[in-house]
Structure formats: structure tokens, C-alpha cells
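Engineer: Handing you a structure now.
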Amino acid sequence: MAEPPQPTDATLGVLGDLLEDIVVWLDQPLRTGTDNPVSIHRSRGGSAANVASFAAELLPTSFIGRVGADQLGDSLVAHLRAANVDVRAQRGGRTGSIVVLVDEHGERTMLPDRGAAAELAEVPTSWLDGIALLHVPAYAFAVEPSARHTRQLLHTAAARGITLTMDASSTGLLEDLGTRRFLELVAELRPAVLFANASEAELLGLTEATPPPETSYVIKNGAAPTTIVDSSGSRQIPVPPAPIARDTTGAGDAFAAAYLSTLLHGGKPDEAAEAGHHLAAQVLRTPGAGRSRHADHSPSQEDTDL
């Protein structure tokens, strides 16, 4: 079974995308070739930036990535810093955006244009200073040169004794990257935790596999129990009742933020999953990766403004 990092006041690092989310709420099935009245919300997005923003409420957090040298990039960096995230960002090129189509049942279809986020250059090793755990969503491996420099930084982090964790991120990404290639990356990088949702886990064969001794699989399945699989076997952590999801964007990132923060504070994996469920439930009624403590929520300036 993978050993969690020791309790620490050091920083959680998150490596990956900082983008604009253009969230489109549909009230009925999409009709192609004609008009579809919708509600559109713009917000700071990117899986890595989402995790960092949620985690910064729980412990010191740094974001590492690349964003465009433009006004939108300035706004996104400012937004992340306003959430108390230490932003360690390269600047250059054009800031990326993701159009997120959210159907009336809360399911998402994403149309990414990652822009500068896919152009990560070599990262100064000093950007790892103070980090105890470095988390990376699989989006960072989607294309070169980002993938190469991400792997390089992760190997440097591991050599320093920094705990690594990963997120499988997307079935579409895994199919494009190749499931065999992704599993080779997991074997190469040996993360302490690999997060996946049920569809990603099925695609990767995680539910039938025994993870390496140093790795735990954390498999989320919506309102169904979360499964933790490690070298000692598997167990299920029930999900408490939550509001009906209007938009699941960012819920998995919120889960990861709370899970990793709990581990860094000395909590056990089961406690970490429970914390993840609690935080993820607060994201289900907002456009994009916003949060609300209320069951019913209409977008506020805090949620949507850049």
C-alpha cells in the first residue's frame, strides 16, 4: 500500500493548465444546424488551476504552468492569485480556452483549445522549492513540448523526495494518447495516487488490476461509492447525498484538492475520500469550477467574472 506523505505545513504543487472556461448551459438536447438558446458563463478554468484554487483554501498551494502573454492571461493569473495560489507561470503565446457544453442533466462535452498551456518550456527547478506533493492531471501529457518538460520536472521532483500524484483526466485524452502509453507513464513515474472516474478506470483496466506497491487507485463514480484500490485490496467509500448536479465541471478537481490536502495534513485515504466528497458536492450547482454551499445557486460575479 502506498504510504501517504507525512503531515507537513509545506506546499501542495499542481502542474498543468490555466485556461478560460466558456461554459454553455443547455436546457434541452442540442439541435444541430439551428439555434439553441443557452446560458453562457466565462470563468477561470484548467484542471490543474482548478485543483490549485480549491486546495488553496485548505493549505499553501502553488500552481506551475504556462499561460498566454495577453490580457486574458493577465486576468487568469490575477484570478488565481486572488484565491491565494502562488502562481509560478511561464508567459508566452496565446491563452487557451475550453468551450464546455453542459446538457440539462449536468453532463459535459468539452472542446479544448489549450493554446499556451500546451507549450510548456523547461521549468526552473527552483519552482519546486517548498513543495511536498506535486499533482499533475494527464492533460499535461497531451502534446509536445509540454509532455516532455512535464516528465522532466516530475523526475526532478521525485529525485528530491517530492510525492507525485496523477489524474487520468479524460477518456478522450487517454484514447488519443493511448492507454498503453499512459499506463507506461504511470509505471515510469510511480505516483502515490492515481485518480480516475469510472469510465477512465474501465478504459485503463484499473478495476481488474493490482496497482504497483507504491500506488493507490482512487476511482470516482458520481453518486456511487468511491473505490480505493491498493496492494492490499479494494474498499468502497460511500458518497453522502448531494444536490442533483446541474454542472459537474470541476467536481473531480475539487475532490482531488480535498483528498490531497487531507493526506498532507496527515489524514488516511478513507478520510481523504470523505473530504473529497464533501468539497465536490459544493461544485455541482455552479457554472464551471465554482462552488456554492447552497443547494440552489444562480451565478454570481464571484463565480463568473475574470
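Engineer: Go through the range 143-168 residue by residue and tally those that are small (G, A, S), under 21 Å from S261 (Cβ atoms) and either in contact with a strand residue (DSSP E or B) (Cβ under 8 Å, 6 or more places away or on another chain) or crowded, with 24+ Cβ neighbours inside 10 Å (or both).
Structural biologist: 3
Engineer: Related question: Between A251, A201, A209, which is out of contact with any His (no Cβ under 7 Å at 6 or more places or on another chain), without any contact (Cβ under 8 Å) to a residue 60 or more places away in the chain, hydrophobic (A, V, I, L, M, F, W, C) and farther than 21 Å from F141 by Cβ?
Structural biologist: A251
Engineer: Considering only residues that are more than 28 Å from L263 (Cβ to Cβ) and of a type in the set (D, E, K, R), which ones fall in the range 103-121?
Structural biologist: Passing the criteria: D103, E104, E107, D113, R114, E119.
Engineer: From the list L30, L58, pick out the single residue that is of a type in the set (A, V, I, L, M, F, W, C), outside any strand (DSSP E or B) and more than 30 Å from H265 (Cα to Cα).
Structural biologist: The conditions single out L30.
Residue-wise test of (1) of a type in the set (D, E); (2) farther than 19 Å from L26 by Cα.
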| position | (1), (2) |
| --- | --- |
| N84 | no, yes |
| R88 | no, yes |
| T95 | no, yes |
| I98 | no, no |
| E104 | yes, no |
| M110 | no, no |
| D113 | yes, yes |
| A116 | no, yes |
| A121 | no, yes |
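One line per residue, one yes/no per condition, for (1) free of Cβ contacts under 8 Å to residues at least 40 places away in the same chain; (2) farther than 20 Å from V283 by Cβ:
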| position | (1), (2) |
| --- | --- |
| G65 | no, yes |
| L76 | no, no |
| D113 | yes, yes |
| L120 | no, yes |
| H155 | yes, yes |
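Matching residues to (1) under 18 Å from I131 (Cα atoms); (2) in contact with a helix residue (DSSP H, G or I) (Cβ under 7 Å, 6 or more places away or on another chain); (3) assigned to a helix (DSSP H, G or I); (4) at pLDDT below 95:
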| residue | (1), (2), (3), (4) |
| --- | --- |
| E3 | yes, no, no, yes |
| L15 | yes, yes, no, no |
| W25 | no, no, no, yes |
| S43 | no, yes, no, yes |
| G65 | yes, yes, no, no |
| L72 | no, no, yes, no |
| A78 | no, no, yes, no |
| D86 | yes, no, no, no |
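Engineer: What are the residues in the range 122-142 that are farther than 24 Å from T262 by Cβ, more than 19 Å from the chain's Cα centre (by Cα) and touching a residue at least 12 places away in the same chain (Cβ under 8 Å), if any?
Structural biologist: The answer is E122, V123, T125, W127.
The values are calculated or read from the model by the stated rules, or taken from the named source; none is laboratory data. Just so it is clear, the structure is predicted and the values come from calculations on it, not from any experiment. Because the Cβ atoms are built from the backbone with ideal geometry, glycine has one as well, and the counts that use them run over all protein chains shown.
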